[in-house]
Structures are given as C-alpha cells and as structure tokens.
Amino acid sequence: MIKLGFVYVLAGLMFAAFAVFSATDRANRKRWGNALFWGLVAVSFLAGDRLGDLGNGVLVLGLALIAGFGFLGRGQPIATSPAERVSLAERFGNRLFLPALMLPLVVAIGVLLLKPVQIAGVPLMDLKQATLISLALAVIVAVALALVLLRQPWTSPLQEGRRLADTIGWAALLPQFLAALGVVFALAGVGKAIGLLTTTYLPVDTRLAAVSVYCIGMAAFTMLMGNAFAAFPVLTGGIALPILVGHFGGNPAVIGSLGMLSGFCGTLMTPLAANFNLVPSALLELPDRYAVIKAQIPTALLMLIVNVVLMYVLAFRQ
Amino acid sequence: MLILLGVAVIVVGFAIRLNPLLVVLLAAMTSGWFAGLSPLQVLAAFGHAFNENRFVTSAYLVLPLVGMLERAGVRERAAAMIAGMRGVSAGRFLISYMALRQVTAAVGLATIAGQTQTVRPLIAPMAEAATEVRDGPPAVETRYLVRAMSAATDNVAVFFSEDVFIAMGSVLLVVSFLTTAKIVIDPLRISVWSIPTALCAFVIHGARLLLFDRRLARNAKP
C-alpha cells in the first residue's frame with residue numbers, strides 16, 4: 001500500500017536538493033540562509049517523526065528566526081533568458097502543454113480509478129490521502145514526460161523548482177505554521193472564548209438578525225481563525241442550532257450549507273488563509289503581499305450578503 | 001479572556017507587516033502563556049502540530065514541474081496563444097476560466113488546477129497577454145492588477161463550487177457536526193443547497209470581471 005510516507009520522502013528529497021543547490025549558488029548573497037531554511041524543511045519531511053515534539057518545535061523556531069531576521073535571499077539558477085524562452089516556445093509549440101495537462105489527468109485517474117483498486121484485499125493507496133498520493137505520482141509522470149519531450153537538463157526540475165521556492169520564500173511555510181497555530185489555539189481555548197463572546201453579546205431576537213449574526217459571525221470568525229472549519233462547530237453550535245433551527249424552526253441542511261459558505265467569504269478576506277491569499281501574491285511576484293486579498297474583498301462582501309439573503313429566504317419555507 | 005491576546009498579536013503583527021512566521025509563533029506563545037502553558041510546552045505542542053500537518057507543504061511537489069516548463073517557455077507559449085485571438089480581454093478570458101474551474105470543482109476535481117500549477121504558469125500570463133491584445137502593452141501596475149485578479153478568480157471559483165460535490169471535506173464536516181447534534185442529513189442535501197451560491201458567485205464575480213475590463217481600458221488611455 002502506498003502511504004503518506006512515500007509523499008513525505010519525495011518532498012524531503014526535493015527540499016534537500018533545494019538546500020544543496022542553494023548552498024552552491026554563489027549568485028545569492030544569502031545562500032547559506034536559503035540552504036539552512038530548505039535544509040530544515042527537508043529534515044522535517046525525512047525525519048520529523050523521529051525528532052520528538054520539542055525537537056520539531058526547535059526546528060520550527062529555527063525556520064521562523066531565519067525568515068524573521070531576513071536571512072533568506074533569492075537564488076539565481078542558470079536558466080534560459082527571456083529571448084531563449086520565446087524561441088523555445090515557438091519551437092515546442094503546444095507540446096509544452098502536454099506535461100501540464102498530464103498532471104491533472106493522472107491526479108484524476110488516481111482519485112477516480114486507482115483509489116478503489118485493491119490487491120489481495122489491501123487497497124493500493126491510503127484512502128484518506130488519495131489526492132496527495134495521486135498528486136505525487138502525477139508529478140513523477142509529468143516531470144519524466146517533460147524531460148523526454150522538452151530535452152531539458154536533468155537537474156533543471158530541481159534547479160527551477162528551487163527558483164520558484166525562493167520566489168515564494170517564507171510564505172511557503174506559512175500555511176503549515178498557521179495549521180499548527182490552529183492546534184495551539186484550540187488547546188488554549190481561543191475558539192471557545194470567541195464563540196462565547198459572539199453568542200452572549202449579539203442580538204438574535206428576530207429571524208433576520210439571527211441569520212445575519214450567524215452568517216457575518218461565520219465570516220468574521222473565519223477571518224480570525226484562518227479557516228472556516230474552525231469556526232463552523234463553534235457558531236453552529238452556539239447560534240445556528242439553538243436559535244435558527246430550535247427557536248425559528250429553520251431547515252438545518254440549508255443553514256449548515258450556507259453557514260459554511262459564509263465562512264468561505266471570510267477565507268477570501270484574511271491573510272491567515274495564507275495558501276490561498278499570500279502564497280499567490282509571492283508566486284506572482286506582486287509587491288503588495290495583500291494584493292490578492294484586495295482583489296477578492298468586493299466579491300467576498302457581496303457573496304456574504306447573497307448568503308444571508310439565500311438563508312433567510314430558503315431556510316424557513318414551510 | 002486573556003488568551004484572546006494571541007489573536008490580537010496576529011492582527012497587529014500582520015497589520016504592521018512583521019514577518020508572519022515570527023508573528024504566528026509569538027501568537028501561539030501568548031495564548032499558550034495565558035492558558036497556563038510554559039514556552040517550552042507551547043513549543044512542543046506547536047512542533048507536534050507542525051509535524052502532523054506536513055501534508056500542507058507537500059503540495060509544493062509541483063514546483064519542479066512548473067519551473068521546468070517555465071524554463072522551456074510555457075508562459076511565453078500560453079501568452080502567444082492568447083495574442084493570436086481576436087476579441088479577447090482579460091475579463092472575458094478569466095470568466096471562461098472561472099466557468100471551467102467551477103464546473104470541474106463541482107464534480108470533485110478541485111485539485112486538478114491551482115495557484116501554483118495553473119495560475120502562475122498559464123492563467124496569469126494569458127490574462128496579461130489578453131490585456132495587451134486589447135489595450136497595448138500594459139503599465140507595470142496594470143500587470144500587477146491583472147495577476148492579482150487571476151489569482152482571486154481561481155479562489156472565488158473553487159470556494160463557492162467545491163461544496164456542490166458531496167464528498168468534499170467541508171460538506172462532510174457539516175454532515176458530521178449535525179449528526180453529533182442528532183440531526184441526520186444526507187450529504188446530498190448539503191450539496192444541493194450550495195448550488196444557488198455557486199450560481200450567484202458566477203454572476204457576481206463575472207460582472208466584476210466585466211467592470212474590470214472597463215477599468216483596464218480606462219487605465220490604458222493616456
């Protein structure tokens with residue numbers, strides 16, 4: 001059975017290669033910072049289970065200090081010039097898209113066809129992690145295809161991967177940091193405290209007020225916690241079930257569904273949803289790290305109003 | 001209530017643009033402290049959770065593929081493809097991308113595209129090229145706007161459509177939470193009630209993209 005461990009070893013080796021290539025990159029003034037940063041990530045993937053909790057904590061502290069004190073630079077692997085890329089693009093034409101299309105194709109095959117496969121009663125892959133395992137397999141297939149089809153140097157996937165990793169920089173690790181923060185917050189009872197404040201002090205005496213408080217609360221709470229999954233149980237348990245369903249007799253399927261979608265409006269507006277909002281800014285080399293959030297805010301606010309209206313109209317039909 | 005100071009650390013830290021990795025660690029320390037945990041205990045808890053969440057970062061396995069394709073000219077090719085089209089604009093191009101992304105996400109294929117593997121190498125360069133087709137070479141600020149809108153469109157499309165698929169994590173979370181409250185519901189009903197939102201998202205963000213086109217045209221005029 002293919003498990004998550006396979007994905008971790010692959011990722012560990014990739015980050016280890018980024019570290020080694022960073023160390024040899026004399027064009028980057030801060031190359032040792034980059035080498036150490038990606039090296040620590042590699043250690044986490046390859047040996048994280050053997051470091052112990054405090055060991056992992058120290059590793060995390062190391063990552064934060066390297067990033068926080070500006071020891072990360074941007075590597076400059078020797079690559080093609082813009083003019084060369086234009087002529088390569090003309091030469092290869094649409095063949096360039098084949099590996100890019102291979103990726104979703106293999107992911108889809110993995111998720112839809114390979115996931116149910118069993119060999120002698122044992123599933124081919126860990127069912128809970130089928131998407132990530134399929135993605136890892138798809139990357140291997142697509143990189144192999146691209147190497148054959150586009151005849152690039154064999155080190156180029158790793159060198160170019162490092163270039164992109166340096167482009168994203170510390171933001172690459174932020175989503176995982178925030179996931180860990182969510183766990184510590186839960187341990188400290190932060191969610192419960194905010195939930196208590198929301199459910200105690202907000203007006204919920206009319207149907208429209210209660211619907212608005214629940215939807216806007218979901219969005220606001222999601223903005224503070226960084227994801228709607230953390231907000232949903234607190235506010236649904238605190239407001240939706242006792243008041244919207246219990247008192248006003250609303251349809252729980254409509255309320256649950258639109259409550260979650262109201263939370264997603266919040267996700268679009270918070271830097272704490274880093275993988276959706278901050279990583280793209282880094283990837284697209286935008287000088288304002290909040291540029292993507294700013295582009296999303298009008299849609300998010302309008303959609304929040306839509307969700308309030310839909311819940312008010314759809315949840316209470318008899 | 002003092003544990004909420006951790007949230008305050010996050011809000012202030014992000015607002016004054018300190019390095020987010022440090023801010024996050026500081027916030028964990030703050031809330032942990034007021035919950036009666038020593039800094040070492042917080043560090044251990046954080047380390048444990050960090051290790052358990054490595055799958056989040058393993059999505060970067062696509063970087064080598066994307067990087068190599070860029071080296072071979074995939075962004076230039078994508079832009080050239082758009083440059084050969086007539087009547088194309090950034091807004092209209094992003095609307096068609098959004099439609100495709102919403103439909104595929106609704107049938108459970110939310111992971112076939114994304115910011116790293118699609119928006120950076122293909123969608124953003126294509127949207128920039130579409131702007132150029134109509135309005136001539138854009139100013140650098142306009143390029144930034146178009147790129148940010150490309151990323152935003154991908155997020156909006158996925159967020160409001162993925163719940164139409166019944167096996168989505170968020171749908172299952174709603175169902176399991178309601179079950180703990182003794183309300184038993186078929187996941188299909190959660191999915192069905194997210195369809196109106198998906199349609200509204202297409203209309204609202206689509207309208208914004210058409211307005212975005214106008215704004216780009218205005219920006220282009222000297």
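Structure notes:
- Just one of the listed residues (B:ALA83, B:ALA99) is modelled with pLDDT of 95 or more and of a type outside the set (Val, Ile, Thr), namely B:ALA99.
- Note on segment A:234-251: residues that are surrounded by 24 or more Cβ atoms within 10 Å (Cβ to Cβ) and free of Cβ contacts under 8 Å to residues at least 24 places away in the same chain total 1.
- Number of positions in segment A:1-58 that are touching a Pro at 6+ places or on another chain (Cβ under 8 Å), in a loop (DSSP other than H, G, I, E, B) and among the aliphatic types (A, V, I, L, M): 1
- Answer residue from segment A:191-248, given it is assigned to a helix (DSSP H, G or I) and of a type in the set (D, E, K, R) and is farthest from the chain's Cα centre (by Cα) among those: A:ARG207
- Hits in segment A:270-303 (condition: more than 7 Å from every other protein chain (Cβ to nearest Cβ) and of a type in the set (Ser, Thr, Tyr)): A:THR270, A:SER281, A:TYR290
- Set side by side, the residues B:GLY114, B:GLY108 differ, and just one is within 10 Å of chain A (Cβ to nearest Cβ), of a type outside the set (Val, Ile, Thr) and within 21 Å of A:SER281 (Cβ to Cβ), which is B:GLY114.
Residue by residue, here is whether (1) more than 16 Å from A:ALA172 (Cα to Cα); (2) of a type outside the set (Phe, Trp, Tyr); (3) in the same structural domain as A:THR155 (by TED's automatic domain parsing); (4) at pLDDT 95 or above holds:
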{"position": "A:LEU13", "(1), (2), (3), (4)": "yes, yes, no, yes"}
{"position": "A:LYS30", "(1), (2), (3), (4)": "yes, yes, no, no"}
{"position": "A:ALA35", "(1), (2), (3), (4)": "no, yes, no, yes"}
{"position": "A:GLY39", "(1), (2), (3), (4)": "no, yes, no, yes"}
{"position": "A:LEU54", "(1), (2), (3), (4)": "yes, yes, no, yes"}
{"position": "A:ILE66", "(1), (2), (3), (4)": "no, yes, no, yes"}
{"position": "A:VAL86", "(1), (2), (3), (4)": "yes, yes, yes, no"}
{"position": "A:PHE97", "(1), (2), (3), (4)": "yes, no, yes, no"}
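- Filter pass, A:VAL306 being within 9 Å of another protein chain (Cβ to nearest Cβ), within 15 Å of A:SER212 (Cα to Cα) and touching a helix residue (DSSP H, G or I) at 6+ places or on another chain (Cβ under 9 Å): yes
- Residue check, B:SER31 at pLDDT 90 or above and more than 7 Å from chain A (Cβ to nearest Cβ): no
- Residue that is nearest to the other protein chains (Cβ to nearest Cβ) [pool: residues in segment B:47-105 that are farther than 19 Å from A:THR131 by Cα and of a type in the set (Ser, Thr, Tyr)]: B:TYR97
The values are calculated or read from the model by the stated rules, or taken from the named source; none is laboratory data. These numbers come from a predicted model, not from an experiment. No Cβ is skipped: glycine too gets one built from the backbone with ideal geometry, and neighbour counts run over all protein chains shown.
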